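**Q** Below is one structure. I have some questions about it.
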Amino acid sequence: MKINVKFWSIIIVFSVVVILIKNNPFEFNKKYIFERTYSDKLKFIEVTEDKIASINNITLASSNFVYDYELTSLDTLNNTCKMKFYDSKSFDLIQHFDFDLPKSNQISFCDSNNVYCIDKFDLYVYSIKEKKKKKIAVNLNIYDVVSIGEASKKVLLFGEYKSRHKYQTGFFLLNLETNEMIETYIVEEGDTSQILNNSLIYSGNFSKSKDTISYYCDKYSKIYFFNTNGNFQKEIITKDESPKPKLVSNNNGTYYKRGATFNTNNGLFTMNDDLFIFSSRNEQSNKITVDCYSFSTGKYKFSTSFGCNNKTNVDINFVTKNQNNLIIGFDDKMALLKISYNADVN
């Protein structure tokens with residue numbers, strides 16, 4: 001039989017092209033990217049601050065503090081950590097202390113009184129003053145936590161609650177002194193537990209500012225907002241409209257489905273009625289992109305981008321605003337930027 005070399009050559013080349021297109025990460029990244037309108041009305045100027053360079057292991061930040069910790073010793077079950085609190089304006093060291101952090105713990109939030117950790121969906125509160133860690137006994141599998149206010153002794157929790165007839169995934173207010181818990185907003189409910197699945201689907205972080213508390217999903221386009229008392233206000237869907245991530249399960253565990261999971265929001269801050277979101281759904285390869293939305297209507301307004309040591313939105317671990325300063329935390333550094341915003345410029 002005579003082989004048609006030309007025919008098979010065309011088939012092979014076509015097959016290679018199809019394989020390359022399917023596996024090209026750039027093509028994957030272009031999904032759920034919307035057309036942005038760029039403006040110069042918002043600018044960021046990076047400030048060189050020698051004290052920042054000495055803060056090596058930035059965990060998170062708030063409007064008042066920057067926190068970092070370093071592992072000082074390791075054993076089978078626990079890591080001994082040195083936790084450091086810095087003033088977020090001057091970056092002076094305020095205090096430091098040692099505490100044992102189980103290897104499976106996740107530090108979710110800190111204030112001047114407590115360090116809040118999550119281990120296997122349980123909440124632990126480490127008292128800085130008493131140097132003691134306490135497990136909080138509550139009927140909730142917890143994904144994340146943020147302190148409402150140090151005087152109120154309350155925290156806002158995100159997790160799954162088992163009511164009499166349903167499993168509810170949502171946000172709950174907990175009084176740490178009385179252990180009283182009340183529902184503030186439910187995002188979904190069902191007849192079976194979805195602890196692991198929903199911890200992945202709604203993966204994200206709390207963000208706290210002077211006037212509002214938010215929870216932004218980092219693999220879904222939803223952001224949930226609460227007032228400073230922890231009461232639900234509203235939810236916003238970012239313009240990329242990225243869907244919930246798809247999951248796959250096998251004998252080894254549950255994972256995000258490749259090609260059906262998209263990085264979304266990595267931080268935000270507010271100024272008056274403007275909401276500024278750091279979204280990973282953009283094509284900038286060596287810049288940070290910020291999208292502006294109206295907080296009251298949820299509608300997209302404009303975007304801006306700026307250089308920051310070739311970092312992109314995907315590299316961001318946290319964002320916090322302090323007056324006209326913005327702190328952005330990355331894995332290997334922290335950037336301090338001055339905000340210049342002229343809302344009247346077109």
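**Q** Just subtract the alpha-carbon distance of Glu183 and Lys43 from 0.36 nm times their residue separation and send over the number in nm, one decimal.
**A** Details: separation 140, 0.36 × 140 = 50.40 nm, distance 3.94 nm.
That pair, Glu183 and Lys43, stretches by 46.5 nm at full extension.
**Q** GluC sites (Glu not before Pro), restricted to segment 81-180: which are DSSP loop and have at most 10 other Cβ atoms within 10 Å?
**A** Sparse-neighbourhood loop GluC sites (Glu not before Pro): Glu130, Glu177.
**Q** Of the listed pairs Lys89/Lys120; Lys41/Lys299; Lys31/Lys208; Lys133/Lys244; Lys82/Lys132, which have alpha-carbon separations greater than 25 Å here?
**A** Among Lys89/Lys120; Lys41/Lys299; Lys31/Lys208; Lys133/Lys244; Lys82/Lys132, the Cα-Cα distance tops 25 Å for Lys89/Lys120; Lys31/Lys208; Lys133/Lys244.
**Q** OK, next. If I model a spin label as a point 7 Å beyond the Cα along the Cα-Cβ vector, how far apart are those points for Ala260 and Glu283 in nm?
**A** Each label point lies 7 Å from its Cα, and together they span 2.7 nm.
**Q** Which ³J(HN,Hα) values in Hz, rounded to whole numbers, follow from the phi angles of segment 199-214 under the Karplus curve 6.51 cos²θ - 1.76 cosθ + 1.60, where θ = phi - 60° and Gly and Pro get x?
**A** Once rounded to whole Hz, the list reads 5, 8, 4, 9, 3, x, 8, 6, 9, 10, 10, 5, 10, 8, 10, 9.
**Q** Enumerate the calculated ³J(HN,Hα) couplings along segment 141-146 in order (Karplus 6.51 cos²θ - 1.76 cosθ + 1.60, θ = phi - 60°), each rounded to whole Hz, writing x wherever the residue is Gly or Pro.
**A** Using θ = phi - 60°, the values come out as 8, 9, 9, 7, 8, 9 Hz.
**Q** Still on this structure, I have one more. Give me, ordered by chain and number, the residues 5 or more places off Leu101 or on other chains with an amide H under 5 Å from its own placed amide H.
**A** Answer set, sorted by chain and number: Asn79, Thr80, Cys81.
**Q** For Lys299 and Ile94, calculate 0.36 nm times their separation in residues minus their Cα-Cα distance, and state this gained length in nm to one decimal. All intermediate terms of the calculation are to be shown ahead of the outcome.
**A** Details: separation 205, 0.36 × 205 = 73.80 nm, distance 4.03 nm.
Fully extending the segment from Lys299 to Ile94 adds 69.8 nm.
**Q** Next up: Counting only protein heavy atoms and using a 1.4 Å probe, what share of the accessible area of segment 222-283 belongs to carbon plus sulfur, as a whole percent? Kindly include the intermediate steps, with their values, before the conclusion.
**A** On the way: 1150 of 2900 Å².
On segment 222-283, the fraction of accessible area on carbon and sulfur atoms equals 40 percent.
The values are calculated or read from the model by the stated rules, or taken from the named source; none is laboratory data. Just so you know, these numbers come straight off a predicted model, no measurement behind them. Methodologically, a virtual Cβ is constructed for each residue, glycine included, from the backbone with ideal geometry; neighbour enumeration extends over all protein chains shown. SASA here: full protein model, heavy atoms, side chains in, ligands and nucleic acids out. Shrake-Rupley method; radii C 1.70, N 1.55, O 1.52, S 1.80 Å.
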